[in-house]
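The values are calculated or read from the model by the stated rules, or taken from the named source; none is laboratory data. Just so you know, these numbers come straight off a predicted model, no measurement behind them. Using ideal geometry, Cβ is built from the backbone for each residue, glycine included, and neighbour counts are taken over all protein chains shown.
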There are 4 protein chains.
Amino acid sequence: MIVAMQEKASEEQIQAVIERLVELGFEVHRSTGKLQTVLGAVGARVDFDIRDLEVMDGVKEVHRISSPYKLVARSFRPEGTTVKLRNGVSIGGQDVVVMAGPCSVESREQLFTIAEIVSKAGARILRGGAFKPRTSPYSFQGLGEEGLKLLKEAGEKFGLLVISEVMEISQIPLMEPYVDIYQVGARNMQNFNLLRELGKARKPVMLKRGIAATIEEMLLSAEYMMAGGNYELILCERGIRTFETYTRNTLDISAIPIVHKLSHLPITADPSHGTGRRDKVSPMARAAVAAGADAVIVEVHHQPDKALSDGAQSLFPEQFSKLMDELRMIAPAVGRKIA
Amino acid sequence: MIVAMQEKASEEQIQAVIERLVELGFEVHRSTGKLQTVLGAVGARVDFDIRDLEVMDGVKEVHRISSPYKLVARSFRPEGTTVKLRNGVSIGGQDVVVMAGPCSVESREQLFTIAEIVSKAGARILRGGAFKPRTSPYSFQGLGEEGLKLLKEAGEKFGLLVISEVMEISQIPLMEPYVDIYQVGARNMQNFNLLRELGKARKPVMLKRGIAATIEEMLLSAEYMMAGGNYELILCERGIRTFETYTRNTLDISAIPIVHKLSHLPITADPSHGTGRRDKVSPMARAAVAAGADAVIVEVHHQPDKALSDGAQSLFPEQFSKLMDELRMIAPAVGRKIA
Amino acid sequence: MIVAMQEKASEEQIQAVIERLVELGFEVHRSTGKLQTVLGAVGARVDFDIRDLEVMDGVKEVHRISSPYKLVARSFRPEGTTVKLRNGVSIGGQDVVVMAGPCSVESREQLFTIAEIVSKAGARILRGGAFKPRTSPYSFQGLGEEGLKLLKEAGEKFGLLVISEVMEISQIPLMEPYVDIYQVGARNMQNFNLLRELGKARKPVMLKRGIAATIEEMLLSAEYMMAGGNYELILCERGIRTFETYTRNTLDISAIPIVHKLSHLPITADPSHGTGRRDKVSPMARAAVAAGADAVIVEVHHQPDKALSDGAQSLFPEQFSKLMDELRMIAPAVGRKIA
Amino acid sequence: MIVAMQEKASEEQIQAVIERLVELGFEVHRSTGKLQTVLGAVGARVDFDIRDLEVMDGVKEVHRISSPYKLVARSFRPEGTTVKLRNGVSIGGQDVVVMAGPCSVESREQLFTIAEIVSKAGARILRGGAFKPRTSPYSFQGLGEEGLKLLKEAGEKFGLLVISEVMEISQIPLMEPYVDIYQVGARNMQNFNLLRELGKARKPVMLKRGIAATIEEMLLSAEYMMAGGNYELILCERGIRTFETYTRNTLDISAIPIVHKLSHLPITADPSHGTGRRDKVSPMARAAVAAGADAVIVEVHHQPDKALSDGAQSLFPEQFSKLMDELRMIAPAVGRKIA
């Protein structure tokens, strides 16, 4: 940590800061310049709140030098993490993996129809929500465990792995027999109680970026799970809130190369939630793969206008097939292929 | 709802939209102009996803005319809501109420010292966190039920009511005997499972705005609780995330007059979390009262540099006393007084 | 325009709004429902400030139905605009055009070296700034007209067209003999005096989106120039300001498909300014082409660490060649090719 | 400047960074720790682009320690700047100054009517725009020099000083005989050509914060003018662009205490542009004064519904009088009074 004192800081103020740092367990190096004194502090707590120094008298600025995260940092595994799943599917390797399916599991017929479509088109993982707490108490709330069973059955029938969202600690053991990947939604990115339990889980987790979360904060949430023992993590960019109102959120494609630089973890893009509008999903899925995404997750529905949730952002089957063809052309440009 | 068709929309496209609206239970009024056709749709579901129409062929724009909320709207209770509490304290009436206390309850000595200070200075409600899930598993996690007991004891001793944050459904019954107001934090503003249970609670709830939530979204979360039966609600502005990095968040003071216009519910401001820096807390608390806030909630600590959390944003006792004096001078300018 | 009255609006309030609308030249259609009255207003001024109605008593919401822009709207030219330039280069047609060059023209040697590199790699248009007003009065301020001359010369020698930024009205005639496209920078997107003069110019203009401008506002600025008579316009996404601090700006790739839907004008992406960091430029350039961009503009420098401005975001020559190869592979996925 | 190397940075990479720093004129202090090497660089150019180091191999983070501004820093004039004007009016002293008037000067009758109203109510400075470049070429474009003459005349008649917006360099000498303060609008905050000329002007300048500008960027623009020789500067917060759509912009009240901490320059708030809606102007003006603003600037119109621009955000005369009474009550709470 670097503490830059104000130009007119008194010796007394400087000493007070030094004492505080020593008290906190830091080793302090003082560098007194013509204009100002700068203190370097090494060696102590990662979870230190730097504002505690910022508000001290005579302090101008405080910078954290060491990363607030260690385990998720690229330097921890320079070669990158490949999350290996069943059926020869892995995320973070040479294949770009496509996850597809409906927003919600609505019925056996709906799910099996869509699973067949996405499997034939080349998806490797089936997505679908089983728990859907909604703004209106009158809206469809998801099929719960029945939905999870259908996901597993459909996955087996059509050769697809399964990903589904977990929203509460109590759902972790319930979902365990049915899913290959737990998905943590954007609203739960900083639900540390949930993350703590998922850190103990023995299945991979895909963590979505919160709509107001910086990339660093997403990495910190992943660090929390890794510190708990779960190293099989996948990150997911799904759009941030900006002043632009035409799209629901602004899908931050630049998060993809940034995550690849800062961390060894693979990163997925979700253009369906990231744009909220069907006609923007394919362009943004293509952009994500071109920018280096390790996977994309896309909503597909055979009858989007009858979907019980998020129909407006679900692709029609023929749009999805066309997108798969386009992605197959783009992947080689980044040295990848579509699984 | 108003659906504006594109200028070149075909009659077939227009009919498809009309059919869709009728299917959804709307009564449709068609107005065919020289340039474009506009459809007015009245009478159906509040929870309708307008994007389902936006993505139809030939549709240009869709506007919701009726509010997505009813119960929290100003028109529901034009005279405004006053949340009546014990000890003659009420929020939303003529008094501006000050809630104060430490970020976390750390010990009996700490809490009683601070409670005495804030009570003498004129606060009416004691704040303090009992559950503190933190980024680092090594950080202080709160005293739990023991903290709640201390809050109640300190409140009784110094004539203060108690507010504390609830983070999980399971904590609702646990907290019930100890607190006067349940606080819902910014990260849980859209935790609909939690809101559903608080809708059934028989105690007032203070709902904080999420850092990426619009004012309308905060009102919708309050609507969710009111629909569940809890009419004793208080809103709280605590800062939104913007591009400005000097402060942790940007406290949106304009939310105060806006909420007063749109809703009958009282609104509080939290300048401690809204700015994250001690030296900005008093100016922003003054600004909130001048803008018409019904209450302010402020962090105070007798030894902020020893606080186990958020010390950097806690006022020193003498700063708090000075702030109370300033608020007493400002309140009459808006026809109020400090309780 | 649609004016939705409040549910409790009085007849008097409704009449006042109707009178106001009529006074403004609108034809008013009244629709009185069980709960509320809605007024449809057709036919008058495009430049009307809807807030004038919003603040009237009894008014709940006002929505503009007709677009605030006409000439730039997709419906004005459903087939799309192709801006035809010299040398068989055109933007908005089947070719994806690459513009490349240094941030600033620094010297003949520098410019000619870079022009040769980018020309050989496949760029068709040479970029380079001649006017560089800088934060520090001691920094390099650009070569002025001398820089423009060098651009033209280098362009002729290496078969490249020329684009350069115009910052003041007085520079328009000065630049006229030297450039093929005038570039309007993000800070001038709403400099209406400058736009007015460029509307009269007889050369194409590339208009960059302001860092705090919505897509609609960018279209309105283009409308302003088209209304002045210049139909040869190209838009450019170059990043918006968000809360994310890792990149200078967030390049909004979704603006590309959105502009293509709303407008007939071609759109370019500028990943150099959009990210501000060399290592993010290539991924974002690839993403832009995959999302359907009609052109990309990229900063290249043979000695970026000696560049007088923006060296940190300039590609090395070999990075640029590699990027061109990647773009050649991606373009066919969107039915295009690199010129 | 502090350059933190990556943990695995090679000695070669470290040497390259050191050489680069020396080349740039810095004096370098190396501190080699167990985990990483940190380089401190002192003494060179203020206008250095730190990204040039960030993109070097082996570099993890670069922090500027010295402020990018000097002259506007609080330490340059710890006692604060008071801008002294005619008639005993000064900004930054004990009086809180109110500037008021119409958005645009529309006619002698309009301006004189409003000037009389605001003067009687206690304003000390008359505001009014003479140049109004507007989105629509058919809209009112301002009265130009005629408007300036009217401002001066009205000011003399009613004992008011005059502030008006300057938009182009050519307007500076034109306005010189008529105004007491040049106003630089939000869109021109980084128009460095204009700022350079105003740095040479012999009249005070009020600089408005751009809607996407950080507080530091506003200070840098002020630094630019001070470096040019003009020390009579006033800053102005007028709202930033955020995701909240209910108000046009979010008036960042916290900028007021932040500017007071970082700089010696006085700061004004503009709640009219900051909110864009009449009913939010008075609450936000009160909030600004309560937070410590040195002045407020407010739009007032005797017939806002007939105003040629921004009528929706103009106060009625009686609202303005009431606001002045409220401000008179609030000012003493911050040790000030209304002039």
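Quick notes
- A:THR82 meets all of the listed conditions (1) surrounded by 20 or more Cβ atoms within 10 Å (Cβ to Cβ); (2) among the β-branched types (Val, Ile, Thr); (3) modelled with pLDDT of 90 or more but one, namely (1).
Table: residues versus (1) under 25 Å from A:ALA213 (Cα atoms); (2) in contact with an Asp or Glu (Cβ under 7 Å, 6 or more places away or on another chain); (3) surrounded by fewer than 24 Cβ atoms within 10 Å (Cβ to Cβ).
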| residue | (1), (2), (3) |
| --- | --- |
| C:GLY228 | no, no, yes |
| C:TYR231 | no, no, yes |
| C:THR245 | yes, no, yes |
| C:ASP252 | yes, yes, no |
| C:ILE256 | yes, yes, no |
| C:SER263 | no, no, no |
| C:ILE267 | no, yes, no |
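- Positions within region B:177-188 being touching a residue at least 60 places away in the same chain (Cβ under 8 Å) and assigned to a loop (DSSP other than H, G, I, E, B), in sequence order: B:ASP180
- Checklist (1) at pLDDT below 95; (2) over 12 Å from the mean Cα position of the chain (by Cα); (3) in a helix (DSSP H, G or I); (4) farther than 21 Å from D:GLY239 by Cβ applied to B:LEU220, failing item: (2)
- Among the residues of region B:277-286, just one is in contact with an Asp or Glu (Cβ under 8 Å, 6 or more places away or on another chain) and modelled with pLDDT under 95, namely B:ARG277.
- C:SER90 surrounded by 16 or more Cβ atoms within 10 Å (Cβ to Cβ), free of Cβ contacts under 8 Å to residues at least 12 places away in the same chain and of a type outside the set (A, V, I, L, M): yes
- Applying the criterion of being more than 24 Å from A:ALA212 (Cα to Cα) and within 14 Å of chain A (Cβ to nearest Cβ) to the residues of region B:143-171, the residue that is surrounded by the fewest Cβ atoms within 10 Å (Cβ to Cβ) is B:SER170.
- Filter result for C:ILE65 (within 13 Å of another protein chain (Cβ to nearest Cβ), under 30 Å from D:SER170 (Cβ atoms) and surrounded by fewer than 21 Cβ atoms within 10 Å (Cβ to Cβ)): no
- Index of the failed condition, D:GLU19 passing every other in (1) touching a helix residue (DSSP H, G or I) at 6+ places or on another chain (Cβ under 9 Å); (2) among the charged types (D, E, K, R); (3) within 14 Å of chain C (Cβ to nearest Cβ): (1)
- Residue in region D:172-187 that is modelled with pLDDT of 95 or more and within 13 Å of chain C (Cβ to nearest Cβ) present: yes
- Residue match in region C:189-201 (condition: over 30 Å from A:THR250 (Cβ atoms) and either assigned to a loop (DSSP other than H, G, I, E, B) or touching a Ser or Thr at 6+ places or on another chain (Cβ under 9 Å) (or both)): yes
- Scanning region A:280-302 for residues that are touching a residue at least 60 places away in the same chain (Cβ under 8 Å) and within 14 Å of chain B (Cβ to nearest Cβ) yields a total of 2.
- Number of residues in region C:116-141 that are over 23 Å from C:LYS84 (Cα atoms) and modelled with pLDDT of 90 or more: the value is 4.
- Just one of the listed residues (A:GLN15, A:GLN110) is in contact (Cβ under 8 Å) with a residue 60 or more places away in the chain and either over 31 Å from the mean Cα position of the chain (by Cα) or in a helix (DSSP H, G or I) (or both), namely A:GLN110.
- Flag for D:LEU174 being crowded, with 22+ Cβ neighbours inside 10 Å, part of a helix (DSSP H, G or I) and out of contact with any strand residue (DSSP E or B) (no Cβ under 6 Å at 6 or more places or on another chain): no
- Tally, over region B:207-237, of residues that are within 13 Å of chain A (Cβ to nearest Cβ) and either among the polar types (S, T, N, Q) or closer than 28 Å to C:ILE240 by Cα (or both): 10
- Restricting attention to region B:322-333, the residues that are free of Cβ contacts under 8 Å to residues at least 60 places away in the same chain and either over 20 Å from B:ASP279 (Cα atoms) or in contact with a helix residue (DSSP H, G or I) (Cβ under 6 Å, 6 or more places away or on another chain) (or both) total 6.
- The number of residues in region B:310-324 that are more than 21 Å from the chain's Cα centre (by Cα) and more than 8 Å from every other protein chain (Cβ to nearest Cβ) comes to 10.
- Some residue of region A:251-270 being within 14 Å of chain B (Cβ to nearest Cβ) and more than 14 Å from the chain's Cα centre (by Cα): no
- A single entry from C:ALA333, C:ALA291 fulfils the requirement of being within 20 Å of C:GLY239 (Cα to Cα) and of a type in the set (A, V, I, L, M, F, W, C): C:ALA291.
- Within this structure, D:ALA339 passes the test of being surrounded by fewer than 24 Cβ atoms within 10 Å (Cβ to Cβ), modelled with pLDDT under 95 and either within 21 Å of the chain's Cα centre (by Cα) or more than 14 Å from chain C (Cβ to nearest Cβ) (or both).
- The condition of being at negative phi and in contact with a Cys (Cβ under 9 Å, 6 or more places away or on another chain) holds for only one of B:ALA291, B:ALA333, B:ALA312, B:ALA295, that being B:ALA295.
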